[in-house]
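Working notes, structure below.
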Amino acid sequence: MATRVIVGGATGWVGRALVEAVAARDDLELAGAVARGAAGQDAGTAIGLPALGVTISGSIEEALKAPSDVLVDYTKPDIVKAHILAAIGAGRHAVVGTSGLVAADYAEIDAAAKAAGVGVLAAGNFSVTATLLQRFALEAARYVPDVEVIDYSKPTKPDAPSGTGVELAEKLSEVRMPSTALPVSEVGGVREARGGTLGSVQVHSVRMPGYVLSCEALFGLPNERLSIRHDAGGGADPYVAGTLLAATRVASFTGLKRGLDAIMD
């Protein structure tokens, strides 16, 4: 039986690619789509495809009225939490591709998902190569004590750091050795120039034209440096395969899992 998927943010950069990909799969069925600005339109014609027979809803509550299994959310940081909690409350599993959530949000989502007996998979980046960046960086952190994270994106990105940067810094904090850098609390001048602290890792966000989404783990030892970096291009293709993998596997567990690597193996 095909997994029935609702795509939140169906006319967005990643959402429109997901709608097309879900419609093309035999093991997935497009059960609903959410995009306030395109409400009432067919999900296919709204993104330049032939009609798919699925009408775009203007709200997540409206979309959840139709039978479905999984909500895939690629909307906005200020509404993603409400969307996921609504899906959980309706007994749906969820895949979170929207960034902007913090540790307290994830804890609340995890508790709600466990209480409802559903699974939620959230990842800062569903690209397979971005997931490998994280895996390689975690390995390096076991040997090199000093590491900082730099994330790059377009000037209009509404959150900082990126979800990729947040997830990477949090996981690095779990395995890294103590830094040799002067504690930020002891730094003079403009202390903010040292970036933000996530766990035990300093994170710096660059926002300017010319970038789509890049993330770099920068390691340093005396007289040598190591940089492990992922750069995304202008298309949404890298995120589609990982997101659909999550949609097919999120029903296999209960509660919240973080990161695509949690289901890749």
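The values are calculated or read from the model by the stated rules, or taken from the named source; none is laboratory data. Just so it is clear, the model here is predicted, and its values are computed rather than measured. Quick reminder, even Gly has a Cβ in these numbers, built from the backbone with ideal geometry, and neighbours come from all protein chains shown.
Within segment 133-170, how many residues turn out to be closer than 21 Å to GLY210 by Cα, among the β-branched types (Val, Ile, Thr) and either surrounded by fewer than 21 Cβ atoms within 10 Å (Cβ to Cβ) or over 15 Å from the mean Cα position of the chain (by Cα) (or both)?
3
Quick test for you: out of GLU139, GLU61, pick the one residue that is over 30 Å from SER179 (Cβ atoms) and part of a helix (DSSP H, G or I).
Working: GLU139 fails: over 30 Å from SER179 (Cβ atoms).
After applying the criteria, what remains is GLU61.
Could you please give the count of residues in segment 145-189 that are without any contact (Cβ under 8 Å) to a residue 12 or more places away in the chain and in contact with a helix residue (DSSP H, G or I) (Cβ under 7 Å, 6 or more places away or on another chain)?
1
Of everything in segment 211-238, what is surrounded by fewer than 16 Cβ atoms within 10 Å (Cβ to Cβ) and either in contact with a Ser or Thr (Cβ under 8 Å, 6 or more places away or on another chain) or among the acidic types (Asp, Glu) (or both)? Give them in sequence order.
VAL212, GLU224, ARG229, ASP231, ASP237 - these are the residues of segment 211-238 that are surrounded by fewer than 16 Cβ atoms within 10 Å (Cβ to Cβ) and either in contact with a Ser or Thr (Cβ under 8 Å, 6 or more places away or on another chain) or among the acidic types (Asp, Glu) (or both).
Looking only at segment 107-163, which residues are under 13 Å from LEU218 (Cα atoms) and among the hydrophobic types (A, V, I, L, M, F, W, C)?
Those that are under 13 Å from LEU218 (Cα atoms) and among the hydrophobic types (A, V, I, L, M, F, W, C): LEU133, PHE136, ALA137, LEU138, ALA140, ALA141, VAL144, VAL147, VAL149, ILE150.
Just one of LEU213, LEU221 is out of contact with any Asp or Glu (no Cβ under 6 Å at 6 or more places or on another chain) and either modelled with pLDDT of 95 or more or among the basic types (Lys, Arg) (or both); which is it? Break it down into steps so the answer makes sense when it comes.
Values: LEU213 fails: either modelled with pLDDT of 95 or more or among the basic types (Lys, Arg) (or both).
Sole residue among the options that is out of contact with any Asp or Glu (no Cβ under 6 Å at 6 or more places or on another chain) and either modelled with pLDDT of 95 or more or among the basic types (Lys, Arg) (or both): LEU221.
Can we say ALA130 is at pLDDT 95 or above, in contact with a Leu (Cβ under 9 Å, 6 or more places away or on another chain), crowded, with 18+ Cβ neighbours inside 10 Å and outside any strand (DSSP E or B)?
On the way: at pLDDT 95 or above: no; in contact with a Leu (Cβ under 9 Å, 6 or more places away or on another chain): yes; crowded, with 18+ Cβ neighbours inside 10 Å: yes; outside any strand (DSSP E or B): yes.
Here the answer is no, as ALA130 does not meet what is asked.
So, in segment 133-144, how many residues would count as being touching a residue at least 60 places away in the same chain (Cβ under 8 Å) and out of contact with any Cys (no Cβ under 8 Å at 6 or more places or on another chain)? First the steps, then the outcome.
The initial filter retains those residues of segment 133-144 that are touching a residue at least 60 places away in the same chain (Cβ under 8 Å), namely 133-137, 140-141, 144.
Checking which are out of contact with any Cys (no Cβ under 8 Å at 6 or more places or on another chain) leaves us with 134-137, 140-141, 144.
Residues meeting the conditions: 7.
I'd like the full set of residues that are more than 30 Å from GLY117 (Cα to Cα) and either buried (at least 19 other Cβ atoms within 10 Å of the Cβ) or not small (Gly, Ala, Ser) (or both), limited to segment 45-77. Explain how you work it out, then say what you get.
Pass one, segment 45-77, residues more than 30 Å from GLY117 (Cα to Cα): 45-53.
Passing the criteria: THR45, ALA46, ILE47, LEU49, PRO50, LEU52.
So SER68 clears everything in (1) within 16 Å of VAL250 (Cα to Cα); (2) within 14 Å of the chain's Cα centre (by Cα) except one condition, right? Which one?
(2)
Only residues in segment 230-251 that are among the polar types (S, T, N, Q) count as the first member; pair them with residues that are in a helix (DSSP H, G or I) and surrounded by 14 or more Cβ atoms within 10 Å (Cβ to Cβ), Cβ under 7 angstrom, at least 6 apart or cross-chain, and list the lot.
THR243/LEU18
Tell me which residues, restricted to segment 78-105, are of a type outside the set (D, E, K, R), more than 21 Å from THR248 (Cα to Cα) and assigned to a helix (DSSP H, G or I).
ALA82, ALA103, ALA104 - these are the residues of segment 78-105 that are of a type outside the set (D, E, K, R), more than 21 Å from THR248 (Cα to Cα) and assigned to a helix (DSSP H, G or I).
Being out of contact with any Phe, Trp or Tyr (no Cβ under 7 Å at 6 or more places or on another chain) and assigned to a strand (DSSP E or B) is the filter here; which residues of segment 224-257 pass it?
Once the filter is applied, which keeps residues that are out of contact with any Phe, Trp or Tyr (no Cβ under 7 Å at 6 or more places or on another chain) and assigned to a strand (DSSP E or B), segment 224-257 yields GLU224, SER227, ARG229, HIS230, ASP231, ALA232, GLY255, LYS257.
Say whether the condition of being touching a His at 6+ places or on another chain (Cβ under 8 Å) and modelled with pLDDT of 95 or more is met by at least one residue in segment 48-56. I'd like the intermediate steps shown before the answer.
Start the filter on segment 48-56 by keeping residues that are touching a His at 6+ places or on another chain (Cβ under 8 Å), which leaves none.
Among the residues of segment 48-56, not one is touching a His at 6+ places or on another chain (Cβ under 8 Å) and modelled with pLDDT of 95 or more, which makes the answer no.
Look through segment 211-247, keep the residues that are over 13 Å from PHE126 (Cβ atoms) and polar (S, T, N, Q), and return whichever of them is farthest from the chain's Cα centre (by Cα).
As a first pass, look at segment 211-247 and keep what is over 13 Å from PHE126 (Cβ atoms): 211-212, 214-229, 231, 233-235.
Filter once more, keeping what is polar (S, T, N, Q): 214, 223, 227.
Details: SER214: 14, ASN223: 35, SER227: 22 Å.
Top of the filtered list is ASN223.
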